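The values are calculated or read from the model by the stated rules, or taken from the named source; none is laboratory data. Treat the numbers as computed from the prediction; the structure is a model and nothing was measured. Cβ coordinates were reconstructed from backbone atoms using ideal geometry, including for glycine residues, and neighbour counts include every protein chain displayed.
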């Protein structure tokens, strides 16, 4: 998790100070130019660090027990971003625990924890959807799918993938201008902490939609030559875990 952690740290810096890069690119309005400096050497180094962490993370990402195999470069990217999402969950829990302690133990609540939690939860929600798509763990209804011959299953996969791509294209077409405007003017939340939630989450929605569509296409290509799919009521891994747990409890009972 070293490279996902390094990538997360670099991106945290870049997201918070990204108006400096907007100014550097000559796209900033007067409000941004009056409130921020242009990107300096440190900002450039952090940006290069984020790229390096991403490249190294993609090269070293491995699956763990229970995860699907890596079959395409898109799988590798989704899996790496899944690791980043897992780290964000840990940070989110830490922020919430810190706020609870200050609020109810020391009676000194913060001004930033609530908005920070909301902000990170948005990132987690979006990126976890991409990870779920890569793992094929999103909600699917198999009642009719399992009884169909493999050729018809492939047709259903093509239709569902096409609908995902169509939805992604519609989202981009309908929301591009709004997302671009919020991003370039670096629209903030309007609170005391004032994080740039609209400026970051709105473009991220479109970016994740593109990645989800690419992942859906990658899944379609990877699954095309596989045999007929059949899904039981209980997953095979769950059955194996239940058996191992029962055996462990039985052995413990014998020793007791």
Residue among 105, 90, 100, 152 that alone is surrounded by fewer than 16 Cβ atoms within 10 Å (Cβ to Cβ) and farther than 30 Å from residue 193 by Cα: 152
Some residue of the range 129-139 being touching a helix residue (DSSP H, G or I) at 6+ places or on another chain (Cβ under 8 Å) and either over 29 Å from residue 59 (Cα atoms) or at pLDDT 95 or above (or both): no
Tally, over the range 51-76, of residues that are surrounded by 14 or more Cβ atoms within 10 Å (Cβ to Cβ) and more than 14 Å from residue 6 (Cα to Cα): 8
Single unsatisfied condition, residue 66 versus (1) assigned to a helix (DSSP H, G or I); (2) touching a helix residue (DSSP H, G or I) at 6+ places or on another chain (Cβ under 7 Å); (3) within 30 Å of residue 220 (Cα to Cα): (1)
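Let's see how each residue does on (1) surrounded by 13 or more Cβ atoms within 10 Å (Cβ to Cβ); (2) at pLDDT 90 or above; (3) outside any helix (DSSP H, G or I); (4) touching a strand residue (DSSP E or B) at 6+ places or on another chain (Cβ under 6 Å):
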position	(1), (2), (3), (4)
167	yes, yes, no, no
170	no, yes, no, no
190	no, no, yes, no
209	yes, yes, no, no
215	yes, yes, no, no
220	yes, yes, no, no
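For the range 106-119, state whether one or more residues are without any contact (Cβ under 8 Å) to a residue 12 or more places away in the chain and under 29 Å from residue 187 (Cβ atoms). Steps first, answer last, please.
Step one: filter the range 106-119 for residues without any contact (Cβ under 8 Å) to a residue 12 or more places away in the chain, giving 106-109.
This time we only want the ones that are under 29 Å from residue 187 (Cβ atoms), so: 109.
Yes, some residue in the range 106-119 is without any contact (Cβ under 8 Å) to a residue 12 or more places away in the chain and under 29 Å from residue 187 (Cβ atoms).
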Some residue of the range 132-143 being in contact (Cβ under 8 Å) with a residue 12 or more places away in the chain, under 22 Å from the mean Cα position of the chain (by Cα) and closer than 30 Å to residue 112 by Cβ: no
